[in-house]
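Report on the following structure.
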Amino acid sequence: MSLAVVMSRAPAAGRAPEVTVEVHLANGLPSFSIVGLPDLEVRESRERVRAALQNCGLDFPVRRITVNLAPADLPKESGRFDLPIALGILAASGQIPVESLAHREFAGELSLTGALRPMRGAFAMACGTARSAAATSHIDGTASHRNPELYLPAASAAEAALVPGVDVFGAADLPSLCAHLSGDADARLSPVAPRPLCIDASAAAPDMADVIGQRGARRALEVAAAGGHHVLMVGPPGAGKSMLAARLPGLLPPMTDDEALTSAALLSASMCGFSPAQWRHRPFRAPHHSSSAAALVGGRNPPRPGEITLAHLGVLFLDELPEFDRHVLETLREPLEAGRITISRAAWQADFPAACQLIAAMNPCPCGWRGDPNGRCRCTPEIAARYLRKLSGPLLDRIDIQIEIPALSPAELSARAAENGEPSAAIAARVQCARERQLARQGKTNRELDGREVDDVCRPDDAGEGLLREAGERFGWSARAYYRVLKVARTIADLAGTDTPSASQIAEAVQYRRVFAAG
């Protein structure tokens, strides 16, 4: 047999599409070529595979070797194709049974000694395998009693075994895997026992009880968590903006099974990787203000996900917001509105999820002390205005809640240090009730409502309608800002358990938009 087919998967923002590795041996001058849109890492596998086979005492055929990675229009990257290429060569040359590769998937990078190195994206690959098996059963109309088999490096198998519905096998090196595939009873590999998926309490988000004072900011974060609204906090250095932002994930409702799998798959396929300790914890991403547009929203060729995708179903925290390049901030406008981002290149287009909650923080001026009663600010009005102009009106329009965070005086800190603030668990319980009301009413959070849905479910009473109209005319709101105030008021009403937003709830929502009232 001079042809062998091995199944694998490519890393692609958590989706892990199927890749067919076809290996053909032919007579002629010895050569080794890989086709199917491989990148440099994949092309380098020729030397790794050759050395690994020779150092493991296996025959490397002195023939014309052609490896095709299908589909040909899907870019292939990383060293994960070393193992399927090596197995394809061994099967095509008759060193292992070809039938042993059927209905199995393989991935792993080979060292020159034949050992299998850890790989990123193991969780995402297992999710892709499970989805494919489920789709096949649905199409065929028959449920298979056997789980699909996935073979990975031993160091990565435990992560992949967290995914239900897949039998994951971990191999330490190429010879042991070949012996298993050849039917050697003494080298039989067993599936990795999946560890129970549970929440690691030690990795929980910080508690809101640690925050001293800032009652208004706490309330604003509760409203934001309940409705999924974006938040901008403006205040002097040391006022507690970063501390408050870090506590927002602890207020959000628990992740569902599907949400947890989706988030874990995205993190697994990224350079940061996924740890089982992160299971069911909302992601909290805080990129530095020197980040590029590609790092924040995704880019490169082929496209890779950015921070806004890695924060999917969690929180994206942008500290020192005006210090980000303005062009970088403008790239956030569409994904904040749509919850997805499409990266297009000449030969490739990728659609990434980006349904995260933005929380941003900034100082009121370059020195940070504008409005301080002690007169510490030395910024002229023009300097302060230029600093604020780094944030465009369209971007500010998309941020539902904009609040000031005042600095606490030493006297206030001393007086309140002994106080115990309300814990995150108590706030999260109210948030959960408000979310359940929203999902029962419209099947989505209030932030995700479109124009017609806002008219149907967010319309206030007569007094609230008049107050909202007056505020919109006074502050010069755009249509988007007007509707976002309605959404915030609807969330406040959900927290209160009322069916119609009242004038007092409209007034509270208006207060959350006064920092940049002209925006």
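Rule-based calculations on the coordinates, nothing more; no lab input. Note that this is a predicted model, so its numbers are computed, not measured. With ideal geometry, Cβ positions are generated from the backbone for all residues, glycine too; neighbour counts draw on all protein chains shown.
Once the convex hull of all Cα atoms in the chain is built, its volume per residue stands at 183 Å³. Once you have a ≥ b ≥ c as the square roots of the Cα gyration tensor eigenvalues for region 208-432, tell me rounded if a/c is under 1.5, and otherwise prolate or oblate according to whether a/b is larger than b/c. Note, shape of region 208-432 comes out oblate. Where does helix 122-140 land angle-wise versus the long Cα axis of the chain, in degrees 0 to 90, nearest 10? That helix lies at roughly 80 degrees to the long axis. What's the angle, to the nearest 10 degrees (0 to 90), between helix 479-496's Cα axis and the longest principal axis of the chain? Between the helix axis and the principal axis of the chain, the angle is about 90 degrees. What is region 402-509 by shape, rounded, prolate or oblate, if you read a ≥ b ≥ c off the alpha carbon gyration tensor as root eigenvalues and call it rounded for a/c under 1.5, prolate for a/b larger than b/c, and oblate otherwise? Note, shape of region 402-509 comes out oblate.
Of all beta bridges that DSSP places with both ends in the chain, some 45 percent have antiparallel geometry. In units of the rule-of-thumb radius 2.2 N^0.38 Å, region 1-82 shows an alpha carbon radius of gyration of 1.11.
Compared with the dominant Cα axis of the chain, that is its longest principal axis, helix 462-475 is turned about 90°.
Sparsely packed loop sites in region 405-501 (the trypsin sites (Lys or Arg not before Pro) outside DSSP H, G, I, E and B with at most 16 other Cβ atoms within 10 Å) comprise LYS444. Excluding same-chain neighbours fewer than eight residues apart, the lysines reachable from LYS487 by a Cα-Cα span under 18 Å are LYS444.
In order along region 394-410, the phi-based Karplus estimate (6.51 cos²θ - 1.76 cosθ + 1.60, θ = phi - 60°) of 3J(HN,Hα) comes to x, 5, 5, 4, 8, 9, 5, 10, 10, 10, 9, 10, x, 6, 8, 6, x Hz; Gly and Pro are listed as x. Computed log10 I(q)/I(0) for region 3-187 at 0.12, 0.15, 0.18, 0.19 Å⁻¹: -0.52, -0.83, -1.21, -1.34, from the Debye equation with unit scatterers placed on every C-alpha and solvent omitted. Beyond 13 Å, what share of the Cα-Cα pairs of region 449-519 remains, rounded to the nearest whole percent? The share of Cα pairs beyond 13 Å in region 449-519 comes to 59 percent. Helical runs assigned H by DSSP (4 residues or longer) give the chain a calculated mean residue ellipticity at 222 nm of -11000 deg cm²/dmol, each run adding -39500 (n - 2.57) before division by the residue total. Within a straight-line Cα-Cα reach of under 12 Å, LYS241 can be paired with the following aspartates and glutamates, leaving aside sequence neighbours fewer than 8 residues apart in one chain: ASP319, GLU320, GLU404.
Placing a pseudo-label 7 Å from each Cα along the Cα-to-Cβ vector at CYS433 and GLU473 gives an inter-label distance of 3.8 nm. Would you please give the FRET efficiency between THR113 and GLN442, computed as 1/(1 + (r/R0)^6) with r the Cβ-Cβ distance and R0 = 41 Å, to the nearest 0.05? It comes out at approximately 0.10. Consider a paramagnetic label point 7 Å from the Cα of ASP59 along Cα→Cβ; state which residues of region 79-102 have an amide N under 11 Å from it. Zone members listed by number: 93-96.
Using the alpha-carbon centroid of each, what span in Å lies between region 47-99 and region 312-384? Measuring centre to centre over Cα atoms gives 46 Å.
Residue ranges 178-187, 45-54, 68-77 sort as 45-54, 68-77, 178-187 when ordered by packing (mean number of other C-beta atoms within 10 Å per residue, highest first). Quick check on region 69-120: take the gyration tensor over C-alpha atoms, sort the square-rooted eigenvalues as a ≥ b ≥ c, and tell me if it's rounded (a/c under 1.5), prolate or oblate. Since a/c reaches 1.5 but b/c is at least a/b, the shape of region 69-120 is classed as oblate.
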